[in-house]
Structures are given as C-alpha cells and as structure tokens.
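The values are calculated or read from the model by the stated rules, or taken from the named source; none is laboratory data. Just so we're clear, the structure is a prediction, and the values are computed from it rather than from any experiment. Ideal geometry is used to build each Cβ from the backbone, glycine not excepted, and the neighbour counts take in all protein chains shown.
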Ligand SMILES: Nc1ncnc2c1ncn2[C@@H]1O[C@H](COP(=O)(O)OP(=O)(O)OP(=O)(O)O)[C@@H](O)[C@H]1O
Ligand SMILES: [Mg+2]
C-alpha cells in the first residue's frame, strides 16, 4: 500500500484533476483505491460527477469518525468500481482539534493505518491552503506530487510550496514528482516558465523527478462539466472531442508509466 498525494500552495493548478485521474486509472487496473479529500471544498467529487454526494448525508464526513460518531465503513463513498472517496466538512475546525488534542492526531493516523489494510492505494487531495491537517497528512504521504502551473504565478506557487516544507520541517525528499501543468508548445510563456522551473527543481528538489508537462487541453474542462473522468467511456461525443480525449488519455498513460505505475 502506498499513500500518494498532490500538493501545491497555489490554487487552481490541477491538483484535484491529476489525483482524480490517477485514482481512476489505478482502479481500472483492478487496484482498490481510496481518495481522501483533505480539501473541504470536496471538488474531487466533481471529477466523477458525484457532486450530489457532497451534501447527501450529514454523518459520513471524516470529522465524524475522528469525533467517534461514525465507523470507518460509513465514510466510504463509491464513485466507480474499486474507487472510493472520503469527504471532509470543516478542516479548519479539525485542524484546531488536531493542534490542541494529541489524541486526535493518533486517531487520524490510526484511521489511515486501518484503511491501508484494505486499499492498495490511498491518494490525498490537498487544498492550496495549509493547516495542521495538511502537515500531518503530508508527513504520512509516501510520495508527494507537486503540481505546478506553467505561468509566473504558478512558479511563485512552487517556490511558496518549497518554503512551506522548509518552514514546517517537512521532508523535502518526500516530494517525489514535480508535474508541470498547462503546457502549450506553440506559446512562449509556458516554455519559458518550464525552463525556469527546470532550474528551480535542480536547485531546490534535486531528488524529485520533473515529469513531462501536461498540456493545456480544453477537453479537460469539457468532460469535467459532464462529470466524466478521462478514463470513463463517453458515448455520443463529437469526433473532435473523442480524438482530444484519446490524446489526453494517452498523455496520462505515458505520464503514469514514467512514474512507475
Ligand atoms: N491540463 C489541463 N488543461 C486544461 N484545463 C485543466 C487542466 N488541468 C486542470 N484543468 C482545469 O483547471 C481547473 C482547476 O483544476 P483543479 O480543480 O484540478 O485544480 P486544483 O489545483 O485542485 O484547484 P484548488 O487549488 O482549488 O484545489 C479545473 O477547471 C480543471 O478542469
Ligand atoms: Mg483541488
């Protein structure tokens, strides 16, 4: 079992999209996959068209388990075969509890230990903000993937992320992959950003692998609007969309291969 997570201090760079697609891919390989939303926006549900599940019940959030009001099995929400999600309700409040009550941290870590008996992979989707919850879950991640937007603000987000690891004594070597997102080979700005990022990775995270950049593809937003992941069968698509989705799938498969999945 491995805990893999996506993190970046900059919002809207593609963390949730990336971890959602990876989870679905692994589930389709027959692995049992759990994605925990450490982001109480729970946007991971949107990747699978399961927004309705976010507010469906009032006792199946992670916080209820920590408070002793729900069982482990109650939290799991199945969105695809072999693929389960866990949602959070109020991570600020949970982080307060984790800061002031040591027993809560033990309970949280125990929860991951128990789930790891059952799941082949536990993936964690982080929000761009940081909190005690973020710190603890980054600590228990075996591999952290930093998703970086290929523009000036995105590069700033990478730098902030490294600074955050240093300030909080988090292990920089737990950062296994840097995933640039939003590449357009016919545009100068993202290419220049990639060059700068390549230098920064060498300097600040020399043990992390800089992956081939993901391209900026409008199909990502199109399928997301329909509640489809990149690995769903999508009937009634125009040929244009179907071709673009195929290209997206191939790009992701190549990326996963380079990550050893
Ligand atoms: N390769 C891509 N090409 C085009 N659009 C993309 C790509 N990757 C992600 N997006 C879009 O960018 C938006 C933000 O993506 P996502 O929600 O995954 O980012 P995030 O980093 O998780 O955001 P947040 O910080 O709010 O959690 C979404 O609308 C998503 O569809
Ligand atoms: Mg997100």
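Scanning the range 97-106 for residues that are touching a helix residue (DSSP H, G or I) at 6+ places or on another chain (Cβ under 6 Å) and surrounded by fewer than 16 Cβ atoms within 10 Å (Cβ to Cβ) yields a single hit, 99.
Restricting the range 42-70 to residues that are under 10 Å from residue 87 (Cβ atoms) and assigned to a helix (DSSP H, G or I) leaves a set whose member that is farthest from ligand 2 (Cβ to nearest atom) is 63. Is it true that some residue in the range 13-23 is surrounded by fewer than 18 Cβ atoms within 10 Å (Cβ to Cβ) and part of a loop (DSSP other than H, G, I, E, B)? Taking every residue of the range 13-23 in turn, none turns out to be surrounded by fewer than 18 Cβ atoms within 10 Å (Cβ to Cβ) and part of a loop (DSSP other than H, G, I, E, B).
Can you confirm whether residue 244 is within 16 Å of ligand 2 (Cβ to nearest atom), at pLDDT 95 or above and buried (at least 16 other Cβ atoms within 10 Å of the Cβ)? Criteria not met by residue 244. The residues on offer are 167, 120, and the sole one that is surrounded by fewer than 21 Cβ atoms within 10 Å (Cβ to Cβ), out of contact with any helix residue (DSSP H, G or I) (no Cβ under 6 Å at 6 or more places or on another chain) and closer than 23 Å to residue 258 by Cβ is 120. Of all residues in the range 192-215, those satisfying the criterion of being within 16 Å of ligand 1 (Cβ to nearest atom) and either without any contact (Cβ under 8 Å) to a residue 40 or more places away in the chain or loosely packed, with under 14 Cβ neighbours inside 10 Å (or both) are 212, 215. Would you call residue 196 farther than 24 Å from residue 43 by Cβ, modelled with pLDDT of 95 or more and not in a helix (DSSP H, G or I)? No.
Which residue pairs have Cβ atoms closer than 6 Å, lie 6 or more positions apart in sequence or on different chains, and pair a first residue in the range 9-32 that is modelled with pLDDT of 95 or more with a second residue that is within 9 Å of ligand 2 (Cβ to nearest atom) and part of a helix (DSSP H, G or I)? These pairs meet every condition: 16/44; 20/44.
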